[in-house]
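Notes to accompany the following structure.
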Amino acid sequence: MFLGEPSPALAKIHGMNIVQLEAKLATTETEIARVQAKLDRMRSNEPPPIDRIETVTALLKRLQALKTITKKRLGEKLERKAAWEAKNS
């Protein structure tokens, strides 16, 4: 469950390796910047489209949560890798 809804993105993130997680983090950050710019443009319109702004704001919140989860999962994987390397060297 992710923000109250089932999420295939979470299952995919949990199955990724370190390289894939780093790539996912980079693409998520790019997407957040793009959506934030879109939201800023929408807010500057007269009159602002309230319903579309709410939808884009929800998308932005979801992307930021995915970024946080991806960072956390990457950190866990890196810690486990460091522990394994310390144990086996």
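The values are calculated or read from the model by the stated rules, or taken from the named source; none is laboratory data. Note that the structure is a prediction, hence the values are computed from the model and not measured. All Cβ positions, even for glycine, are placed from backbone atoms using ideal geometry, and neighbour counts span all protein chains on display. Ligands, DNA and RNA are stripped out before the accessible areas are found, and what is left, the full protein with its side chains, is counted by its heavy atoms. Shrake-Rupley method; radii C 1.70, N 1.55, O 1.52, S 1.80 Å.
Of note:
- Summing charges over all other residues whose Cβ lies under 14 Å from the Cβ of residue 36, with Lys and Arg as +1 and Asp and Glu as -1, gives +4.
- The chain, accessible surface, carbon-and-sulfur percent (1.4 angstrom probe): 58 percent
- Projecting the Cα atoms of 60, 74, 26 onto the charge dipole of the chain, computed from C-beta unit charges around the Cα centre, puts 74 farthest toward the positive end.
- The calculated FRET efficiency for the pair residue 26 and residue 82, based on their C-beta separation and a Förster distance of 22 Å, comes to about 0.55.
- Rolling a 1.4 angstrom probe over the protein heavy atoms with all chains in place gives the chain an accessible area of 71 Å² per residue.
- On the beta carbon distance between residue 38 and residue 12, with R0 = 30 Å, the FRET formula returns roughly 0.80.
- Each Lys or Arg adds one and each Asp or Glu takes one away; over the other residues whose Cβ falls under 14 Å from the Cβ of residue 84, this sums to +1.
- Degrees, to the nearest 10: 50-88 long Cα axis against longest axis of the chain: 10 degrees
- The C-alpha radius of gyration of the chain, expressed as a fraction of 2.2 N^0.38 Å, stands at 1.41.
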